[in-house]
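Accompanying notes for the structure given below.
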Amino acid sequence: MAVTTFAAIDIASYDVSMEIFELTKKNGLRSLTRVRQSLELGKDTYAKQHITMEKLQQLSAILTDYKRIMKEYGVSDYRACAKSAFREARNRYLAVDMIRRTAGIEIDVLSNSEQRFLGYKSIASKGEEFQKFIEKGTAIIDVGGGSTQISIFDNDVLVMTQNILLGSLRVRERLSSLQNDTVHYDELVEQLIHKDLVNVRKMYLKNRNIENIILVGDYFTNLIFQNRNDLNKTETKAEFMEWYKHVVHSSPRDVADELGISAEMSSVLIPTATVYRKLIEDLNIQTIWLPGIQLTDGIAYDYAEKKKFIRPVHDFEQDILMAAKNIARRYASYKPHNEKLVEAADAIFEVLKKSAGLDARARLLLRVACYLHDCGKYISLVNVAECSYNIIMSTEIIGLSVRERRIIANVVRYNTQELGYYKEAGINEELSVSEYMLVSQLAAIMRIANSLDQSYLQKVDRLTVTKKEHELLITVDVNDSYLLEQGIFRENIDFFEEIYHLRPVLKVRNKGV
C-alpha cells in the first residue's frame, strides 16, 4: 500500500503550527503529530504593517526546527501557508524570501478567500457530519487574528460569505490604549464591532433561518469553548454564555493560569469570545458545533484531494460558482443570458481543451467570468468593461486567489475591449506572459459564446460544437431571426482564429422569420 507523509504548516497571527499526516488511498488522512509554537506576528503587522526582523528570525528558528521534525517523520511533501499577518505586511515579499534562504521553507501567502476556502475543507475532513449540518441553514464563523469570515450554507450550497476586519488580535491592538481605562473591556469590544455586525446582518442575513453554527478558526477558538484537545463536540448557547461570563469577569492573569497560557495571550480571548457571543445572539443560535479542526486539516485535505488519495464529500467548485452567481445577482445581471452564455462557453471549451492545453481550473475561471461578464452595467451602461473589471477586483470570490480573480477580471474586460499584444502601448502590465495567454484564450471563447445570445433573447434551442481540420463548426437550432447574432459572430472570428488557429464557422438551422 502506497503511503505518503505530508506536513501542513499554518503561520498564523499568534502562533505557528505544524501537523504531519499519513496519506493512503485505503485509509485517507491520518494525523501523526501536531506541534505549535507561540509567535505574535500579527502584533507588528496590525499596528505597523510591517514584520520586524526579530520576529522573522524567531519564525525562521521555528521553521528550521519543524524541518528537522519533518525529516524525522520521513515527510515527502509539505505546504506552508501564511495568513493575514503576512498578507497585510508591507514587507511580505522580503519576509518570504528571507525565510526561504534561512530556513529552506517556501511560504505560500494565502489570499483571504483561499484561506477561508481551506477552512471549509478542514470542516469537510469530518465527512458526513459536515454534510448533515449544511443541509439546513448553517453559519460558519471563522474568527482569526486579523479578520472574521461569516459564511451561510443552506441546502448543501454556499449562499453567502463575507469578510470583516474584526480579528481578535487586530481588535486587541486597536483597543490596547483604552483597555486599562475600563473594567468592562468586553463592552468596549462590543461597541467597536457593533457597526460591522449590524451591516452584515442587514445586508446579508435578513430573512435567513439559521439553525446551526459551526465555529472554526485557530487555537483560541477551542480554548474559549474549553476544547483544549481539539475534540469534535457540540455545545448549547447556555453552556457558551456561562463560560463567556466566566471569561469576561476574570482577570487576564486568572484566565492565563486556568488555561495554561501567557497573560498577554489571554487578552486575545475576550475579543474572540465577544465576536462569537454577538453572532450567536444575533442569529439566535441554539446549537454550536466545534469540529475540533485547524487550518492544517484543510491544507492536508486539499493536498489529498488533488493527489486523489480521497474523494471530496462536498462539491467545492459549486461553492465558487454559487459565489459568482450571488455577485451577479447583487449587480442585477440577467440570469437567463448568463446561463446560456455558460452553456455555449462550456461546449466550445470542451472541444478546444485538449489541443489548447486548457485544464479543469481554466474551465472554472471561464464559467465565473461568464456569470460576471456584465456586472458593471449596474454602475454604467457606457463603461461596462471597466466597471465590471473594478467590481471583480474589489469583490472577494471564495476559493479563488487574487491571481485567478485578476485573470477573470481581464477576461471580462477584454470580452468587449481590444486586447492588443502583450505589453504593447503599456497595456496588460499587470499580467505575466502565461496569464496573458490564458486571458486571451478564455476571452476568445467568451466573445464567440456571447455573440450567440447577443440579443439576450435565448434564441438558441440546441447547440453543437465540432472541430474539423482548420475550422470550429458551431451549429445552432434557433427559434427566431438570428441576423443580429450572425453579424456579431462575424466580428469576433479573426480574434478567435489568431488565438486558436481555427476559424469559427456558424451554421444556423430552422431560422424564424
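Table: residues versus (1) hydroxyl-bearing (Ser, Thr, Tyr); (2) under 21 Å from residue 148 (Cα atoms); (3) modelled with pLDDT of 75 or more; (4) within 27 Å of the chain's Cα centre (by Cα).
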{"site": "249", "(1), (2), (3), (4)": "no, no, yes, no"}
{"site": "252", "(1), (2), (3), (4)": "no, no, no, no"}
{"site": "260", "(1), (2), (3), (4)": "no, no, no, no"}
{"site": "269", "(1), (2), (3), (4)": "no, yes, yes, yes"}
{"site": "273", "(1), (2), (3), (4)": "no, yes, yes, yes"}
{"site": "282", "(1), (2), (3), (4)": "no, yes, yes, yes"}
Q) Considering the stretch 413-428 alone, what residues qualify as being hydrophobic (A, V, I, L, M, F, W, C) and either at negative phi or open to solvent by less than 40 Å² (accessible area, probe 1.4 Å) (or both)? A) 419, 427
Q | Any hit, the stretch 178-188, residues being modelled with pLDDT of 75 or more and either assigned to a loop (DSSP other than H, G, I, E, B) or closer than 20 Å to residue 198 by Cβ (or both) | A | yes
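Just the residues that are of a type outside the set (Asp, Glu) and either in a strand (DSSP E or B) or open to solvent by less than 10 Å² (accessible area, probe 1.4 Å) (or both), please, taken from the stretch 123-143. Full working, then the answer.
Keep residues of the stretch 123-143 that are of a type outside the set (Asp, Glu), which gives 123-127, 130-134, 136-141, 143.
If the condition is that a residue be of a type outside the set (Asp, Glu) and either in a strand (DSSP E or B) or open to solvent by less than 10 Å² (accessible area, probe 1.4 Å) (or both), then 123, 124, 130, 134, 137, 138, 139, 140, 141, 143 are the ones that fit.
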Q) Within the stretch 454-466, how many residues turn out to be at pLDDT below 95 and either within 16 Å of residue 353 (Cα to Cα) or of a type in the set (Asp, Glu) (or both)? A) 1
**Q.** Residue, surrounded by the most Cβ atoms within 10 Å (Cβ to Cβ), within the stretch 344-369, restricted to residues that are in contact with an Asp or Glu (Cβ under 9 Å, 6 or more places away or on another chain) and of a type in the set (Gly, Ala, Ser)
**A.** 344
Q: Select from the stretch 429-443 the residues that are part of a loop (DSSP other than H, G, I, E, B) and open to solvent by 50 Å² or more (accessible area, probe 1.4 Å) and list them in ascending order.
A: 429, 430
Q: Six or more apart or on different chains, Cβ under 6 Å: which pairs go from a residue in the stretch 155-175 that's under 20 Å from residue 204 (Cα atoms) to one that's among the polar types (S, T, N, Q) and open to solvent by 10 Å² or more (accessible area, probe 1.4 Å)? Could you list them?
A: 163/112
Q) What single numbered condition from (1) farther than 23 Å from residue 293 by Cβ; (2) free of Cβ contacts under 8 Å to residues at least 24 places away in the same chain fails to hold for residue 92? A) (2)
Q. Given (1) within 20 Å of residue 200 (Cα to Cα); (2) of a type outside the set (Asp, Glu); (3) crowded, with 18+ Cβ neighbours inside 10 Å, where does residue 270 come up short, assuming only one miss?
A. (1)
Q. Where in the stretch 1-89 are there helices (runs of 4 or more DSSP H), lying fully within it, with 2 or more residues that are free of Cβ contacts under 8 Å to residues at least 60 places away in the same chain?
A. 41-48, 53-72
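Any idea which of 358, 365, 400, 419 is touching a residue at least 40 places away in the same chain (Cβ under 8 Å), outside any loop (DSSP other than H, G, I, E, B) and not small (Gly, Ala, Ser)? Break it down stepwise before answering.
Working: 358 fails: outside any loop (DSSP other than H, G, I, E, B); 400 fails: outside any loop (DSSP other than H, G, I, E, B); 419 fails: outside any loop (DSSP other than H, G, I, E, B).
Going through 358, 365, 400, 419 in turn, the sole match is 365.
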Q.
All but one of (1) of a type outside the set (Lys, Arg); (2) open to solvent by 50 Å² or more (accessible area, probe 1.4 Å); (3) outside any strand (DSSP E or B) hold for residue 461; state the number of the condition that does not hold.
A. (3)
Q: Give the residues of the stretch 475-508 that are closer than 17 Å to residue 340 by Cβ, charged (D, E, K, R) and open to solvent by 50 Å² or more (accessible area, probe 1.4 Å), sorted by residue number.
A: 480
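Which residues, counting only those in the stretch 90-118, are touching a strand residue (DSSP E or B) at 6+ places or on another chain (Cβ under 9 Å), of a type outside the set (A, V, I, L, M) and either open to solvent by 10 Å² or more (accessible area, probe 1.4 Å) or outside any helix (DSSP H, G or I) (or both)? Let's see the steps before the verdict.
Going residue by residue through the stretch 90-118, those that are touching a strand residue (DSSP E or B) at 6+ places or on another chain (Cβ under 9 Å) are 92-93, 95-96, 99-100, 105-110, 112-116, 118.
Among the residues that remain, those that are also of a type outside the set (A, V, I, L, M) are: 92-93, 100, 106, 108, 112-116.
Within the stretch 90-118, 92, 93, 100, 106, 108, 112, 114, 115 qualify.
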Q: With the condition kept exactly as written, say whether any residue in the stretch 33-50 is touching a helix residue (DSSP H, G or I) at 6+ places or on another chain (Cβ under 7 Å), open to solvent by less than 30 Å² (accessible area, probe 1.4 Å) and among the aromatic types (Phe, Trp, Tyr).
A: yes
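Mind listing just one residue for me: the one in the stretch 285-308 that is assigned to a loop (DSSP other than H, G, I, E, B) and of a type in the set (Lys, Arg) and, of those, least open to solvent (accessible area, probe 1.4 Å)? Give the derivation first.
Filtering the stretch 285-308 for residues assigned to a loop (DSSP other than H, G, I, E, B) gives 285-286, 291-294, 307-308.
Now drop any that are not of a type in the set (Lys, Arg), which leaves 307-308.
Values: 307: 110, 308: 149 Å².
Looking at the filtered set, the residue picked out is 307.
Output the residues belonging to the stretch 325-358 that are among the acidic types (Asp, Glu) and more than 19 Å from residue 502 (Cα to Cα).
Answer for the stretch 325-358, where residues must be among the acidic types (Asp, Glu) and more than 19 Å from residue 502 (Cα to Cα): 339, 343.
The values are calculated or read from the model by the stated rules, or taken from the named source; none is laboratory data. Values in this document were obtained by computation on a predicted structure and should not be read as measured data. In this analysis, Cβ positions are derived from the backbone assuming ideal geometry, glycine residues included, and neighbour counts consider all displayed protein chains. Remember, those area values only see protein heavy atoms, side chains included, never the ligands or the DNA or RNA. Shrake-Rupley method; radii C 1.70, N 1.55, O 1.52, S 1.80 Å.
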